[in-house]
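The values are calculated or read from the model by the stated rules, or taken from the named source; none is laboratory data. These figures come from a predicted structure and were not determined experimentally. When we count neighbours, we look across all protein chains shown, and the Cβ atoms used for this are built from the backbone with ideal geometry, even at glycine.
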Amino acid sequence: MTVSLQQLQTFRAVVRNQSFSLAAKELFTSQPHVSNQIRSLEQHYRVALFSRSKGKIDLTEAGAALYAKVNVIVEELQDAERIVGDFRGLRRGSIRIAATSSFGNHLLPGVIADFQQQRPDITVLAQVANTDRVWEMLDNDEAELAITTEQPPKTRRLTAEPFVADGLVLVAPVGWELPDPVTPEVFAELPLVLREEGSLTLTVLRRLLGDHEPTVAAQLTGTAAVNEAVAAGVGISLVPESSVDAWQRAATIAVHRWADLELHHDYVLVHASSRFQSAATSALLTHLRAWADERRRRGPFDS
């Protein structure tokens with residue numbers, strides 16, 4: 001028997017989802033078909049690729065070794081498709097880009113809109129995810145590019161380049177009287193709306209507070225939820241500057257100065273180190289770099 005690309009892609013999907021049924025959904029096929037594909041692979045290699053117990057599946061040692069090779073094989077074949085497509089003069093295409101929430105929800109939509117005005121022939125598929133999921137998407141060829149606030153782990157075959165900064169600002173409900181500037185002592189005494197654990201904004205906020213214990217009014221997932229709570233009068237918070245424009249225009253959130261400090265997120269632009277870049281991906285990379293250059297020229301805190 002010859003191992004087929006379809007069998008390898010099925011094997012990869014089962015590992016990624018840790019489930020035969022979820023792999024079948026991802027591949028738009030039936031669970032019995034997925035099971036048959038895996039069974040054929042195991043018969044071909046004469047080893048068990050998965051251990052199965054109590055409804056849970058795990059890779060065997062042989063399965064883990066195969067998975068490492070399969071990822072390389074599939075990536076090489078997909079790169080070959082892109083290379084041949086570019087040699088044919090393929091101008092149309094799609095690009096998948098992943099971003100963490102602050103950039104993905106507030107800055108990326110405008111960047112994509114500008115790009116697609118220039119290149120309506122290229123479709124950009126964007127997904128907002130947490131940092132771990134972003135790395136996974138790049139590893140699994142689910143995204144060609146990513147924008148995050150963290151450098152990729154050294155264990156991954158990813159390249160990062162400095163991108164842009166986004167200011168962090170102190171926000172409060174309109175009408176609240178706050179001193180200018182706000183000090184850590186004052187900040188700790190006011191009701192505070194926090195981001196979820198793992199958020200870089202939460203890490204920065206805790207560093208600013210130092211030994212001061214905050215008065216926590218709420219802890220919410222995502223910048224949008226935090227801004228909603230601040231606008232509703234729940235408390236104050238620290239959020240990316242790019243997220244507050246609409247709230248300021250609606251006069252529901254006021255921006256205050258934090259103890260004479262300029263705070264910001266530093267974003268990085270990430271892509272796979274060894275993967276071939278299609279013409280469409282190269283076009284978006286060029287646009288992103290030009291956009292970042294213009295934003296740096298204006299300054300990270302310009303609106």
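Scoring Val193 on the criteria (1) in contact with a His (Cβ under 9 Å, 6 or more places away or on another chain); (2) over 30 Å from His287 (Cβ atoms); (3) outside any helix (DSSP H, G or I) leaves a single failure, condition (1).
Enumerate the pairs (first residue in the stretch 1-21 and in a loop (DSSP other than H, G, I, E, B); second residue anywhere and exposed (fewer than 13 other Cβ atoms within 10 Å of the Cβ) and not charged (D, E, K, R)) with beta-carbon separation below 8 Å, excluding pairs fewer than 6 apart on the same chain, so at least 6 apart or on different chains. Taking only residues 6 or more apart or on different chains, the pairs are Met1/Gln43; Met1/His44; Val3/His44. Name the residue, out of Thr159, Thr155, that is assigned to a loop (DSSP other than H, G, I, E, B), under 23 Å from Ala129 (Cβ atoms) and under 23 Å from the mean Cα position of the chain (by Cα). It is Thr155.
Looking at the stretch 165-180, can you tell me whether even one residue there is touching a strand residue (DSSP E or B) at 6+ places or on another chain (Cβ under 6 Å) and assigned to a loop (DSSP other than H, G, I, E, B)? Looking for residues that are touching a strand residue (DSSP E or B) at 6+ places or on another chain (Cβ under 6 Å) and assigned to a loop (DSSP other than H, G, I, E, B), one finds at least one in the stretch 165-180, hence yes.
Residue pairs whose Cβ atoms lie under 7 Å apart, sitting 6 or more positions apart in sequence or on different chains, and linking a residue in the stretch 38-57 that is under 14 Å from Leu8 (Cβ atoms) and modelled with pLDDT of 90 or more to a partner that is surrounded by 10 or more Cβ atoms within 10 Å (Cβ to Cβ) and polar (S, T, N, Q), are Ile38/Thr10; Ser40/Gln7; Leu41/Gln7; Leu49/Thr60. Given the condition touching a Gly at 6+ places or on another chain (Cβ under 6 Å), assigned by TED's automatic domain parsing to the domain that holds Ala280 and not acidic (Asp, Glu), answer yes or no: does some residue in the stretch 147-170 qualify? No: zero hits. For the condition out of contact with any Asp or Glu (no Cβ under 8 Å at 6 or more places or on another chain) and closer than 26 Å to Gln9 by Cβ, what is the one hit in Asp79, Asp141? When all the criteria are applied, what remains is Asp79.
If only residues of the stretch 34-73 that are of a type in the set (Gly, Ala, Ser) and surrounded by 13 or more Cβ atoms within 10 Å (Cβ to Cβ) are counted, the one that is nearest to Ala23 (Cα to Cα) is Ser35. Here are the criteria: (1) surrounded by 15 or more Cβ atoms within 10 Å (Cβ to Cβ); (2) not assigned by TED's automatic domain parsing to the domain that holds Leu158. Tell me which single one Thr100 does not satisfy. All conditions are met except number (2).
One line per residue, one yes/no per condition, for (1) over 25 Å from the mean Cα position of the chain (by Cα); (2) outside the structural domain of Leu288 (by TED's automatic domain parsing); (3) surrounded by 21 or more Cβ atoms within 10 Å (Cβ to Cβ); (4) at pLDDT below 85:
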{"residue": "Gly175", "(1), (2), (3), (4)": "yes, yes, no, no"}
{"residue": "Pro179", "(1), (2), (3), (4)": "yes, yes, no, yes"}
{"residue": "Glu189", "(1), (2), (3), (4)": "yes, yes, no, no"}
{"residue": "Glu197", "(1), (2), (3), (4)": "no, yes, no, yes"}
{"residue": "Thr201", "(1), (2), (3), (4)": "no, yes, yes, yes"}
{"residue": "Glu213", "(1), (2), (3), (4)": "yes, yes, no, no"}
{"residue": "Gln219", "(1), (2), (3), (4)": "no, yes, no, no"}
{"residue": "Gly222", "(1), (2), (3), (4)": "no, yes, no, yes"}
{"residue": "Ala225", "(1), (2), (3), (4)": "no, yes, no, no"}
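The helices (runs of 4 or more DSSP H) falling completely within the stretch 33-143 that include 2 or more residues that are under 18 Å from Ala283 (Cβ atoms) map to 61-87, 108-118.
Scanning the stretch 198-252 for residues that are closer than 16 Å to Leu178 by Cβ, outside any loop (DSSP other than H, G, I, E, B) and among the small types (Gly, Ala, Ser) yields Ala217, Ala231, Ser237.
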